[in-house]
1. Over the Cα atoms of segment 355-427, what radius of gyration and what Dmax do you get, in Å?
2. Could you work out the relative contact order of segment 350-459? I mean the mean sequence separation of Cα pairs under 8 Å and 6+ apart, divided by the number of residues, in percent.
3. What percent of all Cα-Cα pairs in segment 6-156 falls into each 5 Å bin, going from 0 up to the bin containing the maximum distance?
4. Under the definition of Cα pairs under 8 Å and six or more residues apart, what whole-number percent is the relative contact order of segment 225-328?
5. Roughly speaking, what % of Cα-Cα pairs in segment 403-458 are separated by over 18 Å, rounded to a whole number?
6. Tell me what the chain gives for mean residue ellipticity at 222 nm when only DSSP H runs of n ≥ 4 count, each as -39,500 (n - 2.57), the sum divided by the residue total, rounded to 500 deg cm²/dmol.
7. Using 10 Å bins from zero, what percent of all Cα-Cα pairs in segment 157-303 falls into each bin?
8. Per residue, how big is the convex hull of segment 282-398 when only Cα atoms are used? Give it in Å³.
């Protein structure tokens, strides 16, 4: 967890933990900790919660270069590469903080606890259900002879631990949902995070109000499958959107990734006229070929996806739309890829987030015969990345000369400030720390030197 990360208003979690388990916090006084998070924004938000628990017990975040007494690693396991990065991070932290008590949690820890526990220097491995009860497993911080793993079967992962964090940017990340019931053929996330579950709208709104009280202006709504919100509380994602829109002080909300079949026309129409929800969507497609979508066990087809894009552009012509795509899945023949490419080429979207398929143990995709070679995966990825660059640049270029309100973010001294418009166009301004977390009206000019933003002028 970066030093700027902090929790918004959920200290009750820690307090209840103390009461229930009578945790002796004297051992934690004046101890130091480092936090390392891999993967999604949800993980970062959850690490923030863990960090606050330890802070309230008397643990401070170690300064740069300082040896820590506790190391917490929150892992990802979305691909084989992610697993490798997790192992490397664990080894690196153990080397840099000799003698530290090492806790590993997150998706990789849940899926491969024994593998993680076998890493020399790891003391405790906590699964998804145990992550929110980390204080129970720290004991007296004495190193273990060998790693201990404490995990639950995925069917027993049922608790919802709220979290809301602010990173080194202006945006807050508000966790509203966890887990997934979809069981796509290529994905292990349901096994890593359990079934879909969520917090109550009233509690989530309270967290948003706390973020506003702390000066927050923008919140990203995060979860594993946020469109599924409400399964455990009898509410709906649309109900949540309408409730959050009423929170005074929060100027901007962004909906993170939402399944196309759960992004209803009703939600799209509401966002178009809402006070604070931005014209910015992130929608996983995964493949632009219906045959591949069937193999993936996705719950929509290209016709439905195209309708959602058309609907968004109909009511919000300037909306930014990011799309997730996986290349090289089992069963994706060259013909199927070409179909997908042409579909994406004709789609009015802004950016493609391209991932190469990675085989995950225990998934149904392993039963599919046709295997795409690594070289071919790379070729297909490069084609889609080039298409993405073309679409993003054209979208940016269409905004040159226009005015917009930008929420500025701090930068390193001497480097340009940057921020984003309501529809997520990145804008650069000369360095001025007083602009941090301020909404500024600018006129957008040409591209910056590396083509990643438009140069802005305050008006």
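1. 19.6, 54
2. Answer for segment 350-459 is 22 percent.
3. 2, 10, 20, 24, 23, 14, 6, 1, 0
4. Details: 119 pairs, mean separation 28.8, N = 104.
Relative CO of segment 225-328 lands at 28 percent.
5. For segment 403-458, the fraction of Cα-Cα distances above 18 Å is 20 percent.
6. -9500 deg cm²/dmol
7. 11, 40, 34, 13, 1
8. On the way: hull volume 10.9 nm³, N = 117.
So the per-residue hull volume is 93 Å³.
Just so you know, all these numbers are worked out from the coordinates, no wet-lab data involved. The model shown is predicted, which means the values in this text are computed figures rather than measured ones. In this analysis, Cβ positions are derived from the backbone assuming ideal geometry, glycine residues included, and neighbour counts consider all displayed protein chains.
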